[in-house]
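The values are calculated or read from the model by the stated rules, or taken from the named source; none is laboratory data. Since the structure is predicted, the reported quantities are computational estimates derived from the model, not experimental observations. Cβ placement follows ideal geometry from the backbone for every residue including glycine, while neighbour counts extend to all protein chains displayed.
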Amino acid sequence: MPASCCERKQVKVELKLKIMKHLQKLRWLLLLLLLIGIAQSCEKDEIIVSPVADTTETKDDTPPNTGSDNDNPEPTPDPEPTPDPDSSDGEAETDITLYTLEGDNLKKVRDYEVSGSALELQQDVAKHEEVWNLVKKIIPSNYLAKISDFMIYEGGQSGIAGYVFNTKEDLTKWRLGLAIDYAYEGGFNSDGQFAYTVIHEFGHILTLDNTQLDSSIGEASCQNYFVGEGCAKKEAYINELFSNHWSDIWSEYNNIDEEDFSALDAFYEKYKDRFVTPYSATNPAEDIAEVFATFVTRSNTFQVGEKAEAKMQSLQNKNELVALKDFILQNTRSSKRRAFFSKGGSWKHGKHVGKSKKGCTHRRTTS
């Protein structure tokens, strides 16, 4: 029997209601897809391996990438280097090639886009290996394990022969950077300058790693000497150095403007009896690295002041440091051993008080 007019209208109304319900569901689905798309577009990957922020020194300070829980995480490639406004003559070092470590050996992570002399240095991989073999003569395998990655760079006019910075916030992993052009000035390791640089930078890792500092303690809570990377432990080498040789002149040092180079020079001249080299007066971190490097390389003819000598004698009482000195000297022993190291006080990249109070950049920005 044909449906009445009212029945047909009712069917149409029901059909419209069903269509409206489906459209409502479709709108919600489209809105959900749109929100997912927006969220995905906002995500980005962090690609910077950076050092711990330093509350007292400004150059080369950015928060570190804490890395993974892996003991030897694959280093995240740095972005292309940018000029460093603090570098001398407005020139910055140029990153050439980044390596990670597989045991004691290098594995290339990336070549940076470079040209000219930097490109020539990048292509001469044999020089990279020669530099690394020198590093292995100075740094034992158990300490190489603290190095997460190794940067070959061109120092150019920057005056920066080497640097280290922590790649994990807990100070267990470090990057070592060395200027390959400086390594070959006048021939490889001419006058022992480059070997001295490696020892100096190794000294930073020795005195700033997690066995020496606690990165979880901030400056306000630190009861010992505070370095930008963390609070020195009571028995830390740098804390002992600070307590015995810096604490009584610290307020005077802190009152010097970091860009007042004449005042910094005057500070060194006033207290030169305390320092093994002029560069060691830059700050306590540079002082302990210089004391260690001089402790390893000094000859009998190199004389320092009585208070500086006391610093070196204190290292002679540290079994770890004596063993490291013996390791380095054994690996470099020859009829010309003294030529393997620069003469005491002659490090060409440490002749003067460092760039303000910042030193040789044991913290360095990669962005």
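Some observations on this one:
- Residues in the range 284-308 that are surrounded by fewer than 14 Cβ atoms within 10 Å (Cβ to Cβ) and within 25 Å of GLU252 (Cα to Cα): GLU306 only.
- Every residue from the range 92-144 that is charged (D, E, K, R) and within 15 Å of GLY162 (Cβ to Cβ): GLU93, ASP95
- Residues in the range 209-232 that are more than 29 Å from ALA161 (Cβ to Cβ), assigned to a loop (DSSP other than H, G, I, E, B) and among the charged types (D, E, K, R): none.
- Cross-chain or 6+ apart pairs with Cβ under 8 Å, the range 304-318 first and within 11 Å of GLU240 (Cβ to Cβ), then part of a loop (DSSP other than H, G, I, E, B): LYS311/VAL276
- Qualifying residue in the range 224-231 (condition: modelled with pLDDT of 95 or more, among the β-branched types (Val, Ile, Thr) and closer than 17 Å to VAL135 by Cβ): no
- Of ASN239, ASN224, ASN210, all but one fail to be farther than 23 Å from GLY159 by Cα, touching a Ser or Thr at 6+ places or on another chain (Cβ under 7 Å) and of a type in the set (S, T, N, Q); the exception is ASN210.
- Taking residues in the range 235-255 that are aromatic (Phe, Trp, Tyr), and partners anywhere that are in a helix (DSSP H, G or I), the pairs with Cβ atoms closer than 6 Å and at least 6 places apart or on different chains are TYR237/THR207; TYR237/ILE288; PHE242/PRO284; TRP246/PRO284.
- Matching option when the condition is out of contact with any helix residue (DSSP H, G or I) (no Cβ under 8 Å at 6 or more places or on another chain), surrounded by 16 or more Cβ atoms within 10 Å (Cβ to Cβ), β-branched (Val, Ile, Thr) and farther than 19 Å from LYS318 by Cβ, among ILE217, ILE256: ILE217
- Of the numbered criteria (1) in contact with a strand residue (DSSP E or B) (Cβ under 7 Å, 6 or more places away or on another chain); (2) buried (at least 18 other Cβ atoms within 10 Å of the Cβ), the one CYS222 fails is (2).
- ALA126 vs. criteria at pLDDT 95 or above and touching a Lys or Arg at 6+ places or on another chain (Cβ under 9 Å): no
- Candidates LEU206, LEU176: the one that is at pLDDT 95 or above, part of a strand (DSSP E or B) and crowded, with 18+ Cβ neighbours inside 10 Å is LEU176.
- Of the residues making up the range 135-171, those that are part of a loop (DSSP other than H, G, I, E, B), of a type outside the set (A, V, I, L, M, F, W, C) and either at pLDDT below 95 or closer than 19 Å to LEU324 by Cβ (or both) number 6.
Residues checked against (1) modelled with pLDDT of 95 or more; (2) closer than 14 Å to ALA308 by Cα; (3) part of a helix (DSSP H, G or I):
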| site | (1), (2), (3) |
| --- | --- |
| ASN239 | yes, no, yes |
| PHE242 | yes, yes, yes |
| ILE249 | yes, no, yes |
| ILE256 | yes, no, no |
| GLU259 | no, no, no |
| LEU264 | no, no, yes |
| TYR268 | yes, yes, yes |
| ASP273 | yes, yes, yes |
| VAL276 | yes, yes, no |
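- Yes/no for ASN319 being more than 19 Å from GLU269 (Cβ to Cβ), out of contact with any helix residue (DSSP H, G or I) (no Cβ under 6 Å at 6 or more places or on another chain) and at pLDDT 95 or above: yes
- Flag for ILE217 being of a type in the set (A, V, I, L, M) and within 19 Å of the chain's Cα centre (by Cα): no
- In the range 225-253, of all residues being β-branched (Val, Ile, Thr) and in contact with a strand residue (DSSP E or B) (Cβ under 9 Å, 6 or more places away or on another chain), the one that is surrounded by the fewest Cβ atoms within 10 Å (Cβ to Cβ) corresponds to ILE238.
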